[in-house]
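The numbers here are math on the coordinates, done by the rules we state, and not lab data. What you see is a predicted model; the values in this text were computed from it and never measured. In this analysis, Cβ positions are derived from the backbone assuming ideal geometry, glycine residues included, and neighbour counts consider all displayed protein chains.
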Amino acid sequence: MKNTTLLQSLWLFVAAICILAAAGCGQTTPTSAPSEPGKTTLQYKDTVLSVSPLSAHTYLHTSYLSTQQFGKVDCNGWIILDADTAVIFDTPADSLATALLLALLDSSGICIKAVVVTHFHDDCLAGLSQFHTRNIPSYAQRQTLDLAEANRTEVPQISFDTIASLSVNGHKIELYYPGPGHTADNTTGYLESDSVLFGGCLVKAAGADKGNLSDADTLRWPASISRLLTRYPYVKVVIPGHGAVGDRDNLHYTEALFR
C-alpha cells in the first residue's frame, strides 16, 4: 500500500512538472470514471495531500504545514466543481502539494476558473505562483494584496472590498469579508446550492484552541462570526481552516471561544 501511494505521488508530481508551464485549460482524459454523466469524482490521499468529497459540488483539499509552535498542521482548502470546471479556495500549504493538486485536476480534465486566497498566510497562498504560471486568475480581499506585498510573497491579482461573486456553471459562489479575526483580511466563501461555507482560519474546528494569534484581532473576532451566522442562516456544512469539517455549531463554538 505504501509503495502504491508513493508511486501515485511520484506520477502526479512528474505530471505536475510537465504541465506547470502550460497556459489555459487543457482537456485530458479523466483518471477516475464519472459517477454519472458529466460528473467527475475526485479522490486522492497520501502524506502530502488529500482530496475528498464533501457535497454534490464540493471537495476538501488538505495539505500540511510544518510550524515551530504547533508542529505539523493540517491545512484545509476547498474545491467547487461542476462537470469540468472548478474554483479553488486557498492553495495547498507548499509547492509540492500544490503541484500534486494541479496535476490531479489536470489529469481529470478539469479547468480551474479561479483561485481565491482567503488571507495572506502561507497556508493560503504558498502555491499561488503556480496558479499564476498557468494563467489562472486569483481573487482576494483588498487587504490581502497589501499584506502579501508587504510580506514579499506572491500577490493575488484581483481585489474586492466586502462582497464578490464567482460562479461554476451557474452555481453562485459568494466571497464575503465579515471583518477581522484570525487576521485583518480573512475572507469566507459560500456555495448556496450546497449550503457549504468555507470559513477558513476565521472559523475553528470543534474543540480547537485559539491557535496562531500573531496577526489576530481577538476583540473583533466574535462580531465577524456573528455576521456569518446572520448572513448564512441555512448553512449545513462549515469548513474550518484547520481540523475536522463541521456544521453551524462551528460558528457558535468560535464565537464563544473569543467572547
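Hey, with R₀ at 30 Å, roughly what FRET efficiency would Ser193 and His132 work out to, going by the Cβ-Cβ distance, to 0.05? The value I calculate is 0.60. For Leu202, the shell of other residues with beta-carbons less than 14 Å away shows a net charge of -1, using +1 for Lys and Arg and -1 for Asp and Glu.
Once both labels are positioned 7 Å from their Cα atoms along Cα-to-Cβ, the gap between Arg231 and Ala256 label points is 2.4 nm.
Taking a ≥ b ≥ c as the square roots of the Cα gyration tensor eigenvalues, segment 39-257 comes out rounded, since a/c falls below 1.5. Taking amide hydrogens as placed 1.01 Å from N in the peptide plane, the amide H of Ala93 sits under 5 Å from those of Ser63, Tyr64, each at least 5 positions away in sequence or on another chain. Give the Debye-formula value of log10 I(q)/I(0) at each listed q (0.14, 0.26, 0.32 Å⁻¹), with one equal scatterer per alpha carbon of segment 60-99, two decimals each. Result of the Debye calculation: -0.36, -0.87, -1.06. Residues whose amide H lies under 5 Å from that of Asn186, counting only those 5 or more places away or on a different chain, are Gly181; hydrogens are built 1.01 Å from N in the peptide plane.
In this calculation the C-beta distance from Arg220 to Gln68 is compared with R0 = 35 Å, giving a FRET efficiency of 0.80. Panel order for Cys201, Cys111, Cys124, by other beta carbons found within 10 Å of each beta carbon, from fewest to most: Cys111, Cys201, Cys124. Near Asp94: Cβ cut-off under 10 Å, other residues only, Lys/Arg at +1 and Asp/Glu at -1. The net charge is -2. In angstrom, the C-alpha Rg and Dmax of segment 182-259 are 11.3, 35. When only Cα pairs below 8 angstrom with a gap of at least 6 residues are kept, segment 39-257 shows a relative contact order of 14 percent.
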